[in-house]
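Data first, discussion second: the structure below is written as C-alpha cells.
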Amino acid sequence: MSVYINRAELFNRLSTVRDLSEAFAVIQGMPDADVVERKRGRWDKHSSGVYVWHYCSECGGQLILHNLPKYCPNCGAKMEES
C-alpha cells in the first residue's frame, strides 16, 4: 500500500533543517496524508444481438443503459472515456 504525505507541509518543515540526517528525520516523522486512491475503469460493451450490456472493467458490474454514468454504481470506479 502506498503512503502519501502533504508536500506543502514537508517543504515547510524542511526549511529549518541544517543537514541531510535532519532532513531524513523530518521525512520519517511526517504523518500520513488522508487520501483515497481512486479506481479507474471503462465500460466494456457486449451484445447478444437484441440486448447490449456494459460491464465495468474493474468489478464486472453490468448495466443495460444507453446513457452510461461517469462512475460505476457498484464499485465507484471513475469511468474513462472510450
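Looking at the range 52-68 only, could you name the residues that are more than 14 Å from Lys39 (Cβ to Cβ) and either under 19 Å from the mean Cα position of the chain (by Cα) or assigned to a strand (DSSP E or B) (or both)?
Of everything in the range 52-68, those that are more than 14 Å from Lys39 (Cβ to Cβ) and either under 19 Å from the mean Cα position of the chain (by Cα) or assigned to a strand (DSSP E or B) (or both) turn out to be Val52, Trp53, His54, Tyr55, Gln62, Leu63.
Anything in the range 1-47 that is exposed (fewer than 12 other Cβ atoms within 10 Å of the Cβ) and of a type in the set (S, T, N, Q)? List them, or say none.
If the condition is that a residue be exposed (fewer than 12 other Cβ atoms within 10 Å of the Cβ) and of a type in the set (S, T, N, Q), then Ser2, Asn12, Ser15, Thr16, Ser21, Gln28, Ser47 are the ones that fit.
Bear in mind that the values in this text are calculations on the coordinates, not laboratory data. Keep in mind that what you see is a predicted model, and the values were worked out from it rather than measured. All Cβ positions, even for glycine, are placed from backbone atoms using ideal geometry, and neighbour counts span all protein chains on display.
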